[in-house]
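Data first, discussion second: the structure below is written as structure tokens.
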Amino acid sequence: MRRCATCKISAPLHARLTELFQGDQRLPHDSGKLVDPEYLSNLGILHYNFSSIDDVNRIAKDRDYKNRDEITISPSTLGDAYESKVKTFFHEHLHEDEEIRYIMDGNGYFDVRSKDDAWVRILLEKGDLMIMPAGIYHRFTTDEKNYTKAMRLFKDEPKWTPLNRGPETDENQYRKSYLQSAGITA
């Protein structure tokens, strides 16, 4: 796994194991059970906090991210499609590419599956950049303010293809590769 040679990895300040979700997915659902930064690293998750787009550009160059786009997730930008879009992001899924998100404004939660298949909720705030490996099950939601502006970075052409969790994705080659690299037995 390549790491940015000039970037300092930082731990998400708000990463916690999360109990079963009841009610609004956009609420913190804080169990009070902190997750150690090393634990996230062992899942293959990298986290940085950048105050400047120059830092994002450096990591993009170092990790060979050639393309990027921006998405603003809010009722004012998505209109009537907002609720359905947020629900789509919240379906548990994986990608066959790394997922790289830089939070430009607002906040959002990424939930990732732990080694024992529990949910870990990670709050990302303005300036946070997180890289999740291909094959990790995860989901995303805005927080209760209903506003997240993010930059999405891609190694190749921009694409966002979620593969929802199920028997077929459990057998996906990227999922199997992820499990092996994270030392997880299925």
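Remark: relative contact order (the range 47-182) = 35 percent; criterion is Cα-Cα distance under 8 angstrom and separation of 6 or more residues.
Within a straight-line Cα-Cα reach of under 16 Å, Lys85 can be paired with the following aspartates and glutamates, leaving aside sequence neighbours fewer than 8 residues apart in one chain: Asp24, Glu70, Asp143, Glu144. Would you mind classifying the range 47-182 by shape? Square roots of the alpha carbon gyration tensor eigenvalues, ordered a ≥ b ≥ c; an a/c under 1.5 is rounded, otherwise it is prolate if a/b is larger than b/c and oblate if not. It comes out oblate by the Cα gyration axes. Solvent-accessible surface of protein heavy atoms, probed at 1.4 angstrom with all chains present, puts Leu34, Leu153, Leu78 in the order Leu34, Leu78, Leu153, largest first.
Dipole magnitude for the chain: about 380 debye, using +1 per Lys or Arg Cβ and -1 per Asp or Glu Cβ, origin at the Cα centre.
Largest accessible area first, the residues His14, His95 order themselves as His14, His95 under a 1.4 Å probe with ligands, DNA and RNA left out.
Ordered from largest to smallest accessible area (heavy atoms of protein chains, 1.4 Å probe), the residues Trp119, Trp160 come out as Trp160, Trp119.
Can you list the residues of the range 152-169 with backbone N under 14 Å from a point 7 Å past the Cα of Asp69, pointing along Cα to Cβ? In the range 152-169, the label zone of Asp69 (backbone N under 14 Å from the point 7 Å along Cα→Cβ) covers 152-162. Cross-link check: pairs Lys126/Lys176; Lys126/Lys155; Lys145/Lys176; Lys66/Lys115 evaluated at a Cα-Cα cut-off of 29 Å; pairs beyond the cut-off: Lys126/Lys176; Lys145/Lys176; Lys66/Lys115. From helices alone, the chain scores -5500 deg cm²/dmol at 222 nm; the rule is -39500 (n - 2.57) for each run of n ≥ 4 DSSP H residues, then divide by the residue total. Near Arg113: Cβ cut-off under 12 Å, other residues only, Lys/Arg at +1 and Asp/Glu at -1. The net charge is 0.
Farthest toward the positive end of the dipole of the chain, out of Thr18, Asn49, Thr169, is the Cα of Asn49, where the dipole comes from beta carbon charges about the Cα centre. Comparing Ile71, Met151, Ser84 along the charge dipole axis of the range 47-182, the residue lying farthest to the positive side is Met151, per the Cβ-charge model.
The values are calculated or read from the model by the stated rules, or taken from the named source; none is laboratory data. Remember, it's a predicted structure, so these values are computed and weren't measured experimentally. Heads up, the Cβs are rebuilt from the backbone with ideal geometry, glycines too, and the neighbour counts pull from every protein chain shown. Keep in mind that these areas ignore ligands, DNA and RNA; they rest on the heavy atoms of the full protein, side chains included. Shrake-Rupley method; radii C 1.70, N 1.55, O 1.52, S 1.80 Å.
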